[in-house]
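Read through the structure below, which is laid out as structure tokens, and then see the notes.
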Amino acid sequence: MTITSPSLNVSTIAAPPELQIVNMTKRFGSLVALDNVSLNLKPGTFHALLGENGAGKSTLVKCVMGFYRADQGEILIDGNPRAIASPRDAHHYGIGMVYQHFTSVPAMTVAENLVLSRYDSSTLINWKQEMEQLNDFMNSAPFQVPLNLPIAQLAAGQKQKLEILKQLYLKSKILILDEPTSVLTPGEADEVLGLIKEQVNAGLLSVLLITHKFREVTSFTEEVTVLRKGKLAGHGSVKELAIADMAEMMMGERREIKEVAKTPYANPQPVLQFEGIQANKDNGVEAVSGVSLTVHSGEIVGIAGVSGNGQKELVEVLAGQRSPTSGTVRVNGEPYQATRAEMFKHKVFALPEEPLRNACVPHMSVAENMALRTFDRAPQAKGILLIWKAIRQTAQGLIQQFSVKTPSTETPVGNLSGGNVQRTVLARELSEDHINLLIAANPCFGLDFAAVEFIHSQIVEARNRGVAVLLVSEDLDELLALSDRIVVISSGQFVYESAIAEADFGAIGRSMAGH
Amino acid sequence: MTAPAAPEVLGWWGVPLAILAGMMRGGTPFLFVSLGECITEKSGKINLGLEGTLLTGAMSAYAISYLTGSPWLGVLAAGVSGVGLGLIHGWLSQQPRVNDVAVGIAMIIFGSGIAFFLGKPFIQPSAPPLPTIHLGDWSSIPAVQAALAISPLFVLGVAIAPLLKWFFQSTRWGLFIRAVGDSPDAAKAMGISIFNVRMLSVVAGSFLAGIGGASLSLYYPGVWTERISSGQGLMAVALVIFAKWNPMQCLWASLLFGGAQALGPALQSVGIKEGYYLFNAAPYILTLLIMILTCSPKRTLTGVPGALGTDN
């Protein structure tokens, strides 16, 4: 299946090879995704690849990994031109990639996944011998994951660690990490990147880190390459560049990060009250074990926690996607079952995580998706008939107001990029004049700077207007920046609560970890 | 049809004996089809067409056994006919925007149609059946001897179940099938060909289902008629859910279904006339009950392959 037969065996070479990408161009039809981009990953360095969504970062590394065939340009490994036609070829040259989406099989154990990932494993698996080798490997690895647990039972952080361990297990010398910290707590992110950094410093690895977090660039990497709209926008040593310089390279203009100031709300009333909520996971195991909270108007309450501690199920209960096993939810003092009528009456809106799955109908158009809350009422409907003109007009207005990048109102929302799907949902959920309650879960997951900034400002503006906001997020920085009050969920229970002014970062981190 | 047990000598003891015999006789086709479906579903595809495969297998086995005089060649022919139908299902169900349940229903109709069409000339003649292993020779009661005359195919099926469990756990190919069935994206990232793995799984499953058909026509009931399967292939699909996609539990579930099937005739033979049809319906009622008990909107089944019934 490979075109070239790789000649060198990387496992015998201790130092990572030098990877050079020379003048690479990749077109998809008329779209130029990569335009003459070069990058040099020196042996034993930690190199950052910065860029906004759609800047061509993923295309570049996918060309290196052999997923795509570049139209022009070549890849040099230790100065020799090499053809890489598949991830298998890349593996032969010691290049391994950790993807943004987890690539482990959920129903299998960690050990099974590791053995499966190996390209050269034998037909019959001698588990006794394999387990001995895996235990030895785990003991020598920079971080550990329990071998006998099925992936489905691992927390997001552990899964991410496993993805990196998998590459070390495959003896990859050049690691390409595609936004590896988006699901980790800040502590975990620092731990994982710090341990990888040690391996880099010891000359065992070269790392190409795709990210849009400047904090990670400045604290861990030595060199940075910036892409913008498929072109090389800049390159340099991290020490010599200020964050503002890098931001300018990324966005093409100098921009100060603007923050929407919070104004105190005069007349706070309790809006969302829930008591003793218990709910089960899909497999029937209890996920939320009796939590109670009150959110007032003009207040953002942040729920922090490592993913998989019950916050997903809690949000699903509040959004009407899951029935609780016990407990009561009240909105504006009235019992609330999250029916469509109640949502309309109490003006409850939601920005669930994974909006394409939880808040959109992917095959329906942008206009239809934007009308999901209002299509059955005047002016968008008359009796049982839909007024398409009104639906399209509203959508056109919202597309402009929320700068959704879509070819037309009739494009299926599933064809838009993640950021624009989120904007579509945001437009639907925040355009209403009178919002009482907004439930947002990881609203900025995987989005670029501009989108994150936009969503944050929209949420704060809503709060300033008197909306009660429940914000569930795995990004602690986001919670600390937006919340008025912060609650930590761990193993389905609220274990910490504090006003943001008195919040203790250390205590939050410890309670997130379950101590 | 041979009577499951003679009641005159044994009295009420005939009932458990008949159920035991039913487990081993009637359970054999369930066992083969459910193991086949288990392999198929582990790879993320559903093959409802195994009902048609079962019929085609039964017909092919009977015809070849009659024409060549060798029942074992018949068994082989049943497997081969299963492979043929499996290739069609495996290819069709993996085309873009094709739903495997819809293809499966088409394959039920196709499989049974082709079996009826080609099987017409073989309804009358009598083909040499498979030899049986006599475990009941210690007893002087003919009913016991008859009940404990088990088929080598049953023994084969019982051996395949643990073998399959080991295959899924300790072979590279077993891991491939589970990876493809649970997370095709992950499998793709590892360079596994999803099409090939699923094709081979569907074909292997159909091969086993074909052999299940051979046990119908060459062992019990040991004739070829168009009503020979009476939905056993479809029930076996339900049985895989009941068995939580675990080959060993497929074995126990098949025995349970085989026993349930023998309940009606066994009770009839001891003179219970009322509710005869109700007892005959036992396997169907069992299927329905299992479906009701195992399905809940609030929880997902444990062990279900992640990609089962999805588009990718």
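The values are calculated or read from the model by the stated rules, or taken from the named source; none is laboratory data. Note that the structure is a prediction, hence the values are computed from the model and not measured. Glycine gets a Cβ as well: all are built from the backbone with ideal geometry, and neighbour counts include every protein chain shown.
A few comments on the model shown:
- Only one of A:L193, A:L124 that is of a type outside the set (G, A, S) and touching a Leu at 6+ places or on another chain (Cβ under 9 Å): A:L193
- Which numbered condition B:P152 misses (of (1) in contact (Cβ under 8 Å) with a residue 40 or more places away in the chain; (2) closer than 17 Å to B:L208 by Cβ): (1)
- If you go through the range A:143-158 and keep only what is within 19 Å of the chain's Cα centre (by Cα) and free of Cβ contacts under 8 Å to residues at least 40 places away in the same chain, you end up with just A:Q158.
- Residue check for A:L124: within 11 Å of chain B (Cβ to nearest Cβ) and either free of Cβ contacts under 8 Å to residues at least 12 places away in the same chain or over 26 Å from B:S43 (Cα atoms) (or both): yes
- Any hit, the range A:193-202, residues being among the basic types (K, R), at pLDDT 90 or above, part of a helix (DSSP H, G or I) and within 24 Å of the chain's Cα centre (by Cα): yes
- Condition check for A:L314: assigned to a helix (DSSP H, G or I), within 24 Å of A:A156 (Cα to Cα), more than 14 Å from chain B (Cβ to nearest Cβ) and at pLDDT below 90: no
- All positions within the range B:30-88 that are of a type in the set (S, T, N, Q), out of contact with any Leu (no Cβ under 7 Å at 6 or more places or on another chain) and in contact (Cβ under 8 Å) with a residue 60 or more places away in the chain: B:T40, B:S43, B:N47, B:S60, B:S81
- Some residue of the range B:79-91 being crowded, with 20+ Cβ neighbours inside 10 Å and either among the β-branched types (V, I, T) or in contact with a His (Cβ under 9 Å, 6 or more places away or on another chain) (or both): no
- Breaking point among (1) within 29 Å of B:W173 (Cα to Cα); (2) buried (at least 19 other Cβ atoms within 10 Å of the Cβ); (3) of a type outside the set (K, R), for A:V207: (1)
- Subset of the range A:374-392 (residues that are within 26 Å of A:V467 (Cβ to Cβ) and either assigned to a loop (DSSP other than H, G, I, E, B) or of a type in the set (V, I, T) (or both)): A:T374, A:F375, A:D376, A:R377, A:A378, A:P379, A:Q380, A:I391
- The residues of the range A:289-305 that are surrounded by fewer than 22 Cβ atoms within 10 Å (Cβ to Cβ) and not in a strand (DSSP E or B) amount to a single one, A:S297.
- Candidate set: the range A:67-90, residues that are touching a residue at least 60 places away in the same chain (Cβ under 8 Å) and of a type in the set (G, A, S); chosen: the one nearest to the other protein chains (Cβ to nearest Cβ): A:S86
- Every listed requirement among (1) touching a strand residue (DSSP E or B) at 6+ places or on another chain (Cβ under 9 Å); (2) assigned to a loop (DSSP other than H, G, I, E, B); (3) farther than 27 Å from A:K57 by Cα is met by A:A395 save one, (2).
- Residue match in the range A:453-466 (condition: of a type outside the set (D, E), crowded, with 23+ Cβ neighbours inside 10 Å, in contact (Cβ under 8 Å) with a residue 40 or more places away in the chain and within 17 Å of A:E299 (Cβ to Cβ)): yes
- Answer residue from the range A:91-115, given it is hydroxyl-bearing (S, T, Y) and part of a loop (DSSP other than H, G, I, E, B) and is farthest from the other protein chains (Cβ to nearest Cβ) among those: A:Y93
- Residues (assigned to a helix (DSSP H, G or I) and not aliphatic (A, V, I, L, M)) located in the range A:339-373: A:R340, A:E342, A:F344, A:K345, A:H346, A:P355, A:R357, A:N358, A:E368, A:N369
- Contacts under 6 angstrom Cβ, first residue in the range A:497-514 being at pLDDT 85 or above, partner assigned to a helix (DSSP H, G or I) and surrounded by fewer than 17 Cβ atoms within 10 Å (Cβ to Cβ), 6 or more apart: none
- Complete set of residues in the range A:168-194 that are over 27 Å from A:N442 (Cα atoms) and either basic (K, R) or surrounded by fewer than 23 Cβ atoms within 10 Å (Cβ to Cβ) (or both): A:L168, A:Y169, A:L170, A:K171, A:K173
- Enumeration of residues in the range A:79-120 that are loosely packed, with under 15 Cβ neighbours inside 10 Å and either of a type in the set (D, E) or within 17 Å of A:L165 (Cα to Cα) (or both): A:H101, A:Y119, A:D120
- Unique residue being touching a Phe, Trp or Tyr at 6+ places or on another chain (Cβ under 9 Å), in the same structural domain as A:L41 (by TED's automatic domain parsing) and not in a helix (DSSP H, G or I) when the list is A:L209, A:L184: A:L209
- Considering the conditions (1) within 14 Å of chain B (Cβ to nearest Cβ); (2) without any contact (Cβ under 8 Å) to a residue 60 or more places away in the chain; (3) over 26 Å from A:T25 (Cβ atoms), A:K161 is excluded by exactly one of them, (1).
- Which listed residue, of A:I391, A:I439, is in contact (Cβ under 8 Å) with a residue 24 or more places away in the chain and under 26 Å from A:E299 (Cα atoms): A:I439
- Counted residues, the range B:185-231 - those being away from every other protein chain (no Cβ under 14 Å), outside any helix (DSSP H, G or I) and not basic (K, R): 12
- Residue-level check: of (1) crowded, with 17+ Cβ neighbours inside 10 Å; (2) touching a Pro at 6+ places or on another chain (Cβ under 8 Å), A:G333 misses just (1).
- Subset of the range B:159-192 that is of a type in the set (D, E, K, R) and without any contact (Cβ under 8 Å) to a residue 40 or more places away in the chain - its residue that is surrounded by the most Cβ atoms within 10 Å (Cβ to Cβ): B:K188
- The range A:215-231, residues that are buried (at least 21 other Cβ atoms within 10 Å of the Cβ) and either without any contact (Cβ under 8 Å) to a residue 60 or more places away in the chain or more than 20 Å from A:V200 (Cα to Cα) (or both): A:V226, A:L227, A:G230
- Exactly one residue among A:I125, A:I75 is surrounded by 20 or more Cβ atoms within 10 Å (Cβ to Cβ), assigned by TED's automatic domain parsing to the domain that holds A:L170 and over 18 Å from B:D182 (Cα atoms), and that residue is A:I75.
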